[in-house]
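Working notes, structure below.
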Amino acid sequence: MISKKDLFQLMFEKLKKIQREDKFDKIIESCRERTYKGKSDDFFFGEIVYIVFNSGMKDKIVDEKLDAIREAFADYDVTAVAEYTQEKIKELMSNRAIIRHKGKIQSIIHNA
């Protein structure tokens, strides 16, 4: 399982890849406003899922699909997502309610 320190590093690296300065500032400010003390691994995994899907996408698109994304990724249950199979990836790729980007989906499962 990934440590919280490594998770923060991963989140920061993903944030650095966001090209639009205003989007980067918005996400950084959002992170500063949150308190992470006492949060579960599932919470941090949910943050990774959001950042991965948000990278390179318009906020509006991700926000509109966020409930479906949460459902597709087992309410961000790290243990459940870590067990996703190739069949589950195919199922997710056919789910029109989420962002169907195979690289993002595989990355999320890998990081679980």
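Scanning the stretch 81-112 for residues that are within 23 Å of Lys39 (Cβ to Cβ) and without any contact (Cβ under 8 Å) to a residue 24 or more places away in the chain gives Glu83, His110. Taking helices (runs of 4 or more DSSP H) that do not extend beyond the stretch 37-112, which have at least 2 residues that are more than 24 Å from Gln9 (Cβ to Cβ), of a type outside the set (Gly, Ala, Ser) and out of contact with any helix residue (DSSP H, G or I) (no Cβ under 8 Å at 6 or more places or on another chain)? Filter on the stretch 37-112 gives 59-72, 86-93.
Only the coordinates and a few stated rules stand behind these numbers; no lab work does. Remember, predicted model here, so these are calculated numbers, not experimental data. Methodologically, a virtual Cβ is constructed for each residue, glycine included, from the backbone with ideal geometry; neighbour enumeration extends over all protein chains shown.
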